[in-house]
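*Asks:* Take a look at this one; I'll ask things after.
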Amino acid sequence: MGNLQSLGDVLRRRFSIVPAPTDPEPPEPIPCAICGGIEWLRRDVPLDDPAFGKAFPCSCVAAAWEEQRQAAIRAWCALPATMARCTFESLERRQDIPGWDAAVQACLRYARGESEQPILILMGGNGTAKSHLGLSILNWRLAHGGPYGRYANTADWLDELRATFNKPEGYDILGMTFDQLWESYVKADLVMLDDLGMQQSTPWAREKLEQFLDHRYREALPTILTTNLTREQLGPRLESRLRHERLVKAILLDGPDYRLKGGA
Ligand SMILES: [Zn+2]
């Protein structure tokens, strides 16, 4: 009997000619007592109620759907898991950085959408918490229902773009072609490009970065940049853009190494 069984398995695997033994029918799931398995409900409200005629997920699916929605938002934001802890609450107060409190307040205003300038650039040496501040804005938006920001480490992002550039279909990265990856950033409600200036400075990378920033400037789209370069080191094109005070809020953070103390 054992031999026949294994012969059947072998034939099934190799030639797909022997039908698999049929599994017993799974028991019918018991339909939800509230929605009867339809998963959507309408509330019994008067005609002038804003909820009139609208469908709401039933409590039998609402929690799972919300969890899926949150996971999809987080995936879109592209924030590495380790950066979830970079919030305003977890910021250490930096008395060693002149103007620290004002910088934090400016970032909070930016998070709330109250900043007058759409472009925020956080400048400072390594360990001045500039990435932590920028990430606090993205995490604040996640906690307050958006508009959500899409994150990229500038060097990694340019590498990903380069890897998809001029490639035939099927050579996409993260399920996206070059155009899809490009547009998902260039048109996003909010973008954070972290560590600007640390990327390989090839002519192609420079051109793409300038194209990207040109578009964000032209359309006055909310954009957070962090860099440890000085204005002069950013190069004349970027430097001249930073002088647009109507569009750009530049915050200089100056202080000793923050990373040694475990900051971002
Ligand atoms: Zn239900």
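Values in this text are rule-based calculations from the coordinates and carry no lab data. Please read all numbers here as calculations on a predicted model, not as lab measurements. Here Cβ is always computed from backbone atoms with ideal geometry, including for glycine, and neighbour counts include all displayed protein chains.
*Asks:* For LEU221 and ALA250, calculate 0.36 nm times their separation in residues minus their Cα-Cα distance, and state this gained length in nm to one decimal.
*Replies:* My answer for the length gained is 8.9 nm.
*Asks:* Efficiency by 1/(1 + (r/R0)^6): what FRET value for LEU242 and ALA62, r their Cβ-Cβ distance, R0 = 45 Å, to the nearest 0.05?
*Replies:* Efficiency at R0 = 45 Å is approximately 0.45.
*Asks:* With charges set only on the Cβ (+1 for Lys and Arg, -1 for Asp and Glu), what does the dipole of region 83-134 come to about its Cα centre, in debye to the nearest 20?
*Replies:* That gives region 83-134 a dipole magnitude of about 120 debye.
*Asks:* For a bin width of 5 Å, list the pair-distance distribution of region 202-254 built from all Cα-Cα distances, rounded to whole %.
*Replies:* Pairs per bin, as whole percents: 4, 16, 29, 31, 15, 5, 0.
*Asks:* Would you mind computing, in nm to one decimal, how far apart the modelled labels at ALA163 and ALA102 are, each placed 7 Å from Cα along Cα→Cβ?
*Replies:* Here the answer is 4.2 nm between the modelled labels.
*Asks:* With a Förster radius of 30 Å, plug the Cβ-Cβ distance of CYS32 and ARG69 into 1/(1 + (r/R0)^6) and report the FRET value to the nearest 0.05.
*Replies:* 0.90
*Asks:* Ranked from highest to lowest mean number of other Cβ atoms within 10 Å per residue, what is the order of the peptides 52-60, 40-48?
*Replies:* Packing order, densest peptide first, comes out as 52-60, 40-48.
*Asks:* Is the C-alpha gyration tensor of region 80-261 telling us rounded, prolate or oblate? Criteria: a/c under 1.5 is rounded; beyond that, a/b larger than b/c is prolate, otherwise oblate.
*Replies:* It comes out prolate by the Cα gyration axes.
*Asks:* Let me ask something else about it. Rounded, prolate or oblate: which one fits region 34-146, using the alpha carbon gyration tensor with axes a ≥ b ≥ c (rounded when a/c is under 1.5, else prolate when a/b beats b/c, else oblate)?
*Replies:* It comes out prolate by the Cα gyration axes.
*Asks:* For region 97-102, in order, what is each residue's ³J(HN,Hα) by Karplus, 6.51 cos²θ - 1.76 cosθ + 1.60 with θ = phi - 60°, in whole Hz (x at glycine and Pro)?
*Replies:* For region 97-102, the Karplus-derived couplings read 10, x, x, 4, 4, 5 Hz, x marking Gly and Pro.
*Asks:* Give me the dipole magnitude in Debye, nearest 20, for region 30-132 about the Cα centre, with unit charges on the beta carbon: positive for Lys and Arg, negative for Asp and Glu.
*Replies:* 240
*Asks:* Put +1 on the Cβ of each Lys and Arg and -1 on the Cβ of each Asp and Glu in region 178-246; which of LEU238, THR202, PRO222 then has its Cα farthest toward the positive end of the dipole?
*Replies:* LEU238
*Asks:* Now a separate question. So, counting K/R as plus one and D/E as minus one, what does the shell of residues with Cβ under 9 Å around GLY149 add up to?
*Replies:* That sum, taken over residues with Cβ under 9 Å, equals +1.
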